[in-house]
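Here the structure comes first, spelled out in structure tokens, and everything after it is commentary.
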Amino acid sequence: MEFSSTPPLFARSAAPPRPKPTYSGQQPGGYPGYNQPSNPPNIGWNLSNQHKTQQHQPSQAGFSAATLQREDTQEVIKKSMASKIEHDLRQRYKIFVERYEAEMNALQQQEQELRAGKEQISEVLSRIEEEKKKIGETINLFQTKDEELREFLSQHERESEENLVDKQIEPKTALFKQYLNLFAEESSLDDAIYYLAEALRNDVIDIQVFLKNVRALARKKFMVRALMNKVREQTKQV
């Protein structure tokens, strides 16, 4: 309910004037010159009815001001609510756009990383294929060489069984065979004397043992050398 700053004023209307009686000649009843109205007005009823009607009808000016003020207030409230709703929608839209842009940037960065990783994987796969190709060629080469080597060994095994190394260096005559044996015996005596000297130097044996064994080996070597000289002289004659 709205209250106006200038409330309406109600005024009670004045009662209508009573009609003046007219006097004429003498009337029946002994009263001269008085004419009574045929239908006198009901003054009391008119006044009360007019008063009630004026109480139930407000002023048109006050009603119009209150209505306009109410309409202005409702319009302001509507505009305020529309502005608030628009502001909230803009804020939500801004948050949504920022979130969407952040997600798009993250997805684009991930896409770039995936593309870079894909290129690296492609390079690694190409290198692996090249290495695989080289390894296959190397394996084929090794297999070929292995077959050649196996074939070579099988051939030489048969030849070695037929032609032993000892048979290849065996002397043809008994004299040369004797000279070869004497040469081998002299070499073994030299090795024995060498190892005796090493044992003496390392204090493994004493001087007495060293001298005793060296005399025996030297005597035997002298006999072998003398026999070798005789055989050499015989070979010259052959």
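The values are calculated or read from the model by the stated rules, or taken from the named source; none is laboratory data. Since this is a predicted model, take the numbers as computed values, not measurements. All Cβ positions, glycine included, derive from the backbone under ideal geometry; neighbour counts span all protein chains shown. The protein model used for the area step is the full one, side chains on, heavy atoms only, and it has no ligands, DNA or RNA in it. Shrake-Rupley method; radii C 1.70, N 1.55, O 1.52, S 1.80 Å.
Among the residues of the stretch 157-180 satisfying the criterion of being modelled with pLDDT of 75 or more and either in contact with a Pro (Cβ under 9 Å, 6 or more places away or on another chain) or of a type in the set (S, T, Y) (or both), which is farthest from L227 (Cα to Cα)?
Only one residue fits best here, namely T173.
What is the residue count in the stretch 227-238 for residues that are out of contact with any Asp or Glu (no Cβ under 8 Å at 6 or more places or on another chain), surrounded by 11 or more Cβ atoms within 10 Å (Cβ to Cβ) and hydrophobic (A, V, I, L, M, F, W, C)?
Within the stretch 227-238, residues that are out of contact with any Asp or Glu (no Cβ under 8 Å at 6 or more places or on another chain), surrounded by 11 or more Cβ atoms within 10 Å (Cβ to Cβ) and hydrophobic (A, V, I, L, M, F, W, C) number 2.
For residues in the stretch 99-124 being open to solvent by less than 100 Å² (accessible area, probe 1.4 Å) and acidic (D, E), which is nearest to the chain's Cα centre (by Cα)?
E111
Could you check how many residues of the stretch 80-98 are open to solvent by 100 Å² or more (accessible area, probe 1.4 Å) and of a type in the set (S, T, Y)?
Looking only at that region, the number is 1.
Restricting to the stretch 188-225, what's the tally of residues that are part of a helix (DSSP H, G or I) and either open to solvent by 100 Å² or more (accessible area, probe 1.4 Å) or among the small types (G, A, S) (or both)?
Of the residues in that region, 17 qualify.
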